[in-house]
Structure formats: C-alpha cells, structure tokens
There are 2 protein chains.
Amino acid sequence: MEDTSSLGQFEQLVLTAVLSLGDNAYGVTIHQKVEVLNHPKAAALGAVYVTLDRLEDKKLIASKLSDPTPERGGRAKRFYRLSEKGERALKDAAATARRMCDVLESSWGEGAWKPVRTR
Amino acid sequence: MEDTSSLGQFEQLVLTAVLSLGDNAYGVTIHQKVEVLNHPKAAALGAVYVTLDRLEDKKLIASKLSDPTPERGGRAKRFYRLSEKGERALKDAAATARRMCDVLESSWGEGAWKPVRTR
DNA sequence: TCATTATACATACAATGTTGGACATATGGA
DNA sequence: TCCATATGTCCAACATTGTATGTATAATGA
C-alpha cells in the first residue's frame, strides 16, 4: 500500500542504465551509460552513487560487493541489478515517457513515421 | 551561460500539455492533460500552478490574463504558451526520453511498433 | 446578499538532483 | 620499501522539484 511514488528524471536514467548493463552494472559503467542517455548534459559520478543508494533504500535495486580484480587500482566493485519492484516502476515510467513522446511528435509533426500525405 | 538546467519529470509533462493544447492552455485544461499523460498517477491542481509559476520564472513559458467568460464562475483565465527557450528545453528532454525508451524497448524486446522484420 | 461554481494563487514540507571532496585499496616503479 | 597514480565507493551539504492542502477572487443564479 505504498506504491504511489513515482521516479524522478535521473532515477529513471540510472535504472535504465542498470537494466541495460546486465551483469556488468557498477558505479563507473552506470555513470557512463547515464551520460550517453543524458547527452549533452554531464552527470557527476557522485550523483550516480547517491541515486543508487536511494534506489536501493526503496528496494528498486539490490547490490552485492564483488572481489577485487587484478588491475592497477582494481578495487572491489559493487554490482547492481533491478528488483521486480524496480522493473515494474521503470515500466510505468517508460509508459509515461512514451505517451509524452507521442504527444510531442504529433504536436511537432516530426513525421518520418507518420502516414504519408499523398498529394 | 546558465543553460545547463534540465527539466524535472513533472515540468516536462506540464510543458508538453501546454504545447499540445495550443491556444487553450490554462490551469484547468493543463491539469487534465497532465493527468492523462501521467496516468494512472493523479496530480494535484496546486502542483500544476506551482510548476507553471516556476516555469514562467525560468522564461520557459509566458502567460497573459484573458477577459472573463460569461459562465457561472467564469473567472479570468491565465493562458500559457511556450517560449522559444521552452521549446528548445522540451526538445532536449524529449530526445533523452526517446533514447531511454529505445534502450528499454531493446532490453525488453517490446517490439509491436518496430520496423516489421519481413521474414 | 448568499450559496455555488470555476479559477487562480500561497505556503509548507517532502523528495530528488547536484556538487565537491574524502576515503579505500590496488599496482608499478624509483 | 614507499610513494605516485589508477579505480572505485561513499558522505555531507545545499539547490531544485514535487506534492498536499488551504486560501482568495470573481462570476452566476436564486
């Protein structure tokens, strides 16, 4: 009975990054993915970590610490994955985003995909 | 040199509503449109007005007060329209939303609308 | 003039966004 | 050995947005 909360803009991007990265989702890669999505706006690494923390508090993602890798500076990484709750929340957010895009495209007539007006 | 601000989730919906309503965009109609976009989540009317104020402060929209209409309770309405700056900001936001949707759809494979894979 | 309707606006608080840097741990080379 | 450097995590403070709830204004019709 507390399912009413909706995701913020940045939260959506972070969740999307986690989902799309599969089993390689940790701070640095998530940050990179978010920057691609959010282009041309930059995102601070710290912002990503803060958001990951909050999403984990809300049980939308879960994490586990890995073993360190044998690279220069290869510190232990914390890997994330979506929970079912997170997946549901992201689906809702995506549906809204989609509705918005559709309305905008029809208002702007960016119609590469629209029915061709023959004549 | 202060063009870095990005739109929040609700701001995007409000701007979209204003754009799509053309010359009939005022508090009540905007609220209705936003609720459609944001379904199934409800939005308070007050939230819409607050957001409109803030968007106007940021010069993303402009408003003018109309004459009252001769209906029961027909108080003067404040009509809104997007500024050029607002249109640009909304386009940026839409591009990000679109990228997100694309990534999600390809992660989930929800392809009903996708280019038909002929055989 | 008073109840009712439609609309706008105000205030306060909660949630999210953003910055900047501190901390931790590994490697490689002087 | 020990320090410079690379990879990563996390915290604290502040700024911006989101949301709920209440108040104000102006018109109509009884």
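The values are calculated or read from the model by the stated rules, or taken from the named source; none is laboratory data. This one's a predicted model, so the numbers in the text were calculated from it and none came from an experiment. Please note: Cβ atoms are built from the backbone with ideal geometry, for glycine as well, and neighbour counts cover all protein chains shown.
Restricting attention to region A:4-23, which residues are in a helix (DSSP H, G or I) and in contact (Cβ under 8 Å) with a residue 40 or more places away in the chain?
A:Phe10, A:Glu11, A:Gln12, A:Val14, A:Leu15, A:Thr16, A:Val18, A:Leu19, A:Asp23
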Task: Number of the condition not met by B:Leu60 [criteria: (1) in contact with a helix residue (DSSP H, G or I) (Cβ under 6 Å, 6 or more places away or on another chain); (2) farther than 16 Å from B:Gly8 by Cα; (3) more than 14 Å from every other protein chain (Cβ to nearest Cβ)] - done: (2)
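For (1) more than 26 Å from A:His39 (Cβ to Cβ); (2) within 10 Å of DNA strand D (Cβ to nearest atom), each residue gets a yes or a no:
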{"residue": "B:Ala43", "(1), (2)": "yes, yes"}
{"residue": "B:Leu60", "(1), (2)": "no, yes"}
{"residue": "B:Lys85", "(1), (2)": "no, no"}
{"residue": "B:Ala94", "(1), (2)": "no, no"}
{"residue": "B:Met100", "(1), (2)": "no, no"}
TODO: Check B:Glu71, B:Glu11 and return the single one that is over 22 Å from A:Gly8 (Cβ atoms) and of a type outside the set (Lys, Arg).
DONE: B:Glu71
Task: Within region B:76-92, considering residues that are near DNA strand C (Cβ under 9 Å from one of its atoms) and either crowded, with 17+ Cβ neighbours inside 10 Å or of a type in the set (Gly, Ala, Ser) (or both), the one farthest from A:Ala97 (Cα to Cα) - done: B:Ala76
Task: Condition broken by A:Ala47, with the remaining ones in (1) more than 10 Å from chain B (Cβ to nearest Cβ); (2) part of a loop (DSSP other than H, G, I, E, B); (3) within 8 Å of DNA strand D (Cβ to nearest atom) satisfied - done: (2)
Open item on the list: Here is a check on your reading of the model: is A:Gly73 on the phi > 0 side of the Ramachandran plot, in contact with a Ser or Thr (Cβ under 9 Å, 6 or more places away or on another chain) and surrounded by fewer than 16 Cβ atoms within 10 Å (Cβ to Cβ)?
Closed with: no
Task: Qualifying residue in region A:91-103 (condition: touching a Cys at 6+ places or on another chain (Cβ under 8 Å), in a helix (DSSP H, G or I) and basic (Lys, Arg)) - done: yes
Open item on the list: I need a count of the residues in region B:57-75 that are more than 9 Å from DNA strand C (Cβ to nearest atom) and at pLDDT 90 or above.
Closed with: 7
Open item on the list: Can you say whether B:Leu13 is more than 7 Å from DNA strand D (Cβ to nearest atom), closer than 18 Å to B:Ser83 by Cα and at the interface with chain A (Cβ under 9 Å from one of its Cβ atoms), as far as the supplied structure shows?
Closed with: yes
- [ ] List the number of the failed condition for B:Asn38; all other conditions in (1) at the interface with chain A (Cβ under 10 Å from one of its Cβ atoms); (2) over 13 Å from B:Phe79 (Cβ atoms); (3) more than 10 Å from DNA strand D (Cβ to nearest atom) hold.
- [x] (3)
Open item on the list: For the list (1) more than 11 Å from every other protein chain (Cβ to nearest Cβ); (2) out of contact with any Leu (no Cβ under 7 Å at 6 or more places or on another chain); (3) farther than 20 Å from A:Asp92 by Cα; (4) surrounded by fewer than 16 Cβ atoms within 10 Å (Cβ to Cβ), I need the number of the one condition that B:Gln32 fails.
Closed with: (3)
- [ ] Could you please let me know if A:Asp102 is farther than 30 Å from B:Asp23 by Cβ and not small (Gly, Ala, Ser)?
- [x] no
